[in-house]
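Report on the following structure.
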Amino acid sequence: MRAILSEATPAARDRTRRIWCVHSAAEALNVLRDLSETPTVSTLALAFQAANHELALVGGPVRDAFLGRGINDLDFTTSARPDQILALVEPVAEAVWDIGRDFGTIGAQIQGERVEITTYRSDAYDGESRKPIVQFGESLVDDLRRRDFTVNAMAVLLPQLSLIDPFGGIDHLVAGRLVTPAPAEESFGDDPLRMMRAARFVAQLGFTLDEHAEWAMTELAPAIERISAERVSDELVKLLSTDSPLEGVRLLVSTGIADRVLPEVSALRLEVDEHHHHKDVYEHSLTVLAQAIELERERHPDAEPDVPLRLAALLHDIGKPETRRLEPGGTVTFHHHDMVGAKLAIKRLKALRFDKETTAHVARLIELHLRFFGYSEGVWSDSAVRRYVRDAGDQLERLHILTRADVTTRNTRKADRLAHAYDDLERRIAELAEREEIEAVRPDLDGEQIMAILNIPAGRLVGQAYSFLLNLRLDEGPLGEEEATRRLRAWHDSLAGNESG
Ligand code: ATP
Ligand code: MG
């Protein structure tokens, strides 16, 4: 089972030619050797070796070394028990975290890098509540057996760099397959979150889920309800943060997991009526998601994945199933699906425990996603442009991307026309912004000034005066203090007139 890495992987090397992304064994070995020689890893390896404990890199870093992907975090597994890990790590670490101690995990910062070291586990599961009963184990192989997928169930022992791959991880990695080390129905039953992780890895690695595991995922989909909303949404965020989440989303929908965690997305698969009067909203939504990611990259190549934008893209049409009407002439309409969709999104994102800010941003984007589509018909007044900017607020850039991504017509002339119209709108926004700084539109007079001019105390009337002036400002642009004062007085007089009349 244990073999020195360079000997263990000729099979991988032969097959790498079929898959572009797999590193040759020699390259992977180089990556792992370089990694083991970094101050962080070598410090740890020496400390554990001196104390006669096994220490191995495990999971993500081993997998990613073979895939030629950047290595994210440094996960280790060891024969040492948590208190022994602590004793070994404390003298060499700048900081130590032991919040995961009960589960066997100690976190530390060593030579500037964060690491996680976990005691070998051999979980048992309580058959009733299916809660894992953490049990520490004696063997690395047993520890690897309880991991989610074989490509994540490989370890490299330090300092000797022996690859431990008892479940065919390298073969599956080369073939691009996600296979569970234990029988899939057992593995998913033990920890249903693994089904969400399957979708994430399908997207992140471009792998295919093993057929039997896909069957098990469909069978066990209801079990996902045992997982807390926080853990589910963490995985959802990881899925949406990948470069191309589509296949992962498709897997969640086709196996029925989405019926439990994102039922609004499953519901987008409207039956196609005999006249084909509406596009397939589900496929459309997936295309919008892909296009939004493409635009996000084009416009902000160095930014982190924009999860709120991606959520908005995926969910922008979830108001459609509920608002679908067949009109007398045979056309299908979705009146107010923007408002209905925004409400449904708030409900769903709350249930998934997304933070208030993300929820509000996604809802605002969905609410506004149709606004532009009147633009190309009759060009908007300056006032309409100002309102667009004001209503979008700090979501304007995302709204630009979402609206552009929402054009999925195969009619290229129509698509070009809409893209040009949106270019035109962005140009006008920039021009107006330069002239007026509309992002910060305020009335020409503030509350204090309103009270002084009208000689009124703080109260509802001041608020009404403020929104009157704000509307003036949006409709007509900056008026200046003098003109604004005159208009405010006239407005106030007309109120008084109405009241006495
Ligand atoms: P990433 O690049 O996202 O960090 P990763 O594979 O390291 O990918 P983690 O979530 O950091 O993923 O988990 C570390 C390792 O722990 C995994 O590679 C896998 O071996 C194991 N693991 C994590 N979650 C589970 C789970 N729910 N069930 C079984 N094994 C798991
Ligand atoms: Mg990791």
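Yes or no: the range 96-105 includes at least one residue that is modelled with pLDDT of 95 or more and more than 16 Å from ligand 1 (Cβ to nearest atom). Yes: the range 96-105 contains one or more residues that are modelled with pLDDT of 95 or more and more than 16 Å from ligand 1 (Cβ to nearest atom). Would the range 189-197 turn up any residue that is more than 20 Å from ASN72 (Cβ to Cβ) and more than 10 Å from ligand 1 (Cβ to nearest atom)? Yes, there is a match, as at least one residue in the range 189-197 is more than 20 Å from ASN72 (Cβ to Cβ) and more than 10 Å from ligand 1 (Cβ to nearest atom). Taking the condition within 16 Å of ligand 1 (Cβ to nearest atom), under 28 Å from the mean Cα position of the chain (by Cα), modelled with pLDDT of 95 or more and of a type in the set (A, V, I, L, M, F, W, C), does ILE164 pass? No, not satisfied.
No other residue among ARG427, ARG460, ARG417 is over 23 Å from GLU481 (Cβ atoms), among the basic types (Lys, Arg) and in the same structural domain as GLU476 (by TED's automatic domain parsing) apart from ARG460. Where strands (runs of 3 or more DSSP E) sit wholly within the range 47-101, those with at least 3 residues that are within 12 Å of ligand 2 (Cβ to nearest atom) occupy 74-78.
Going by the conditions given, is ARG435 of a type in the set (Lys, Arg), surrounded by fewer than 16 Cβ atoms within 10 Å (Cβ to Cβ) and either assigned by TED's automatic domain parsing to the domain that holds VAL379 or within 28 Å of the chain's Cα centre (by Cα) (or both)? Yes. Apart from one condition, ALA198 fits all of (1) in contact (Cβ under 8 Å) with a residue 24 or more places away in the chain; (2) more than 24 Å from ARG147 (Cβ to Cβ); (3) hydrophobic (A, V, I, L, M, F, W, C); the exception is (2).
Collect the residues in the range 470-489 that are within 15 Å of ASP382 (Cβ to Cβ) and assigned to a helix (DSSP H, G or I), keeping them in residue-number order. Listed by number, the residues that qualify are ASN471, LEU472, ARG473, LEU474, ASP475, GLU476. Screening the range 311-402 for helices (runs of 4 or more DSSP H) wholly inside it with 3 or more residues that are among the hydrophobic types (A, V, I, L, M, F, W, C) returns the ranges 337-351, 356-368, 382-392.
Every condition in (1) within 16 Å of ligand 1 (Cβ to nearest atom); (2) modelled with pLDDT of 90 or more holds for HIS23 except the one numbered (2).
In the range 376-392, the qualifying residues are those that are free of Cβ contacts under 8 Å to residues at least 40 places away in the same chain and under 26 Å from VAL362 (Cα atoms), and the one that is surrounded by the fewest Cβ atoms within 10 Å (Cβ to Cβ) is ASP391.
Among residues of the range 139-167 that are closer than 22 Å to ARG81 by Cβ and assigned to a helix (DSSP H, G or I), those with a beta-carbon under 9 Å from a residue that is modelled with pLDDT under 95 and more than 13 Å from ligand 1 (Cβ to nearest atom) at least six positions away or on a different chain give the pairs VAL141/MET1; ASP143/GLY137.
Scanning the range 102-121 for residues that are away from ligand 2 (no atom under 15 Å from the Cβ) and of a type in the set (S, T, N, Q) yields a total of 3. Evaluated against (1) modelled with pLDDT under 90; (2) outside the structural domain of ALA384 (by TED's automatic domain parsing); (3) exposed (fewer than 12 other Cβ atoms within 10 Å of the Cβ), ALA490 falls short on exactly one condition, (1).
Can you name every residue in the range 55-95 that is crowded, with 19+ Cβ neighbours inside 10 Å, under 26 Å from the mean Cα position of the chain (by Cα) and more than 12 Å from ligand 1 (Cβ to nearest atom)? Hit for the range 55-95 is PHE66, nothing else.
In the range 431-447, the condition of being hydrophobic (A, V, I, L, M, F, W, C), part of a helix (DSSP H, G or I), at pLDDT 95 or above and closer than 30 Å to ALA292 by Cβ is met by no residue.
The values are calculated or read from the model by the stated rules, or taken from the named source; none is laboratory data. On a predicted model such as this, the values are computed, not experimentally measured, just so you know. Note: ideal-geometry Cβ built from the backbone for every residue, glycine included; neighbour counts use all protein chains shown.
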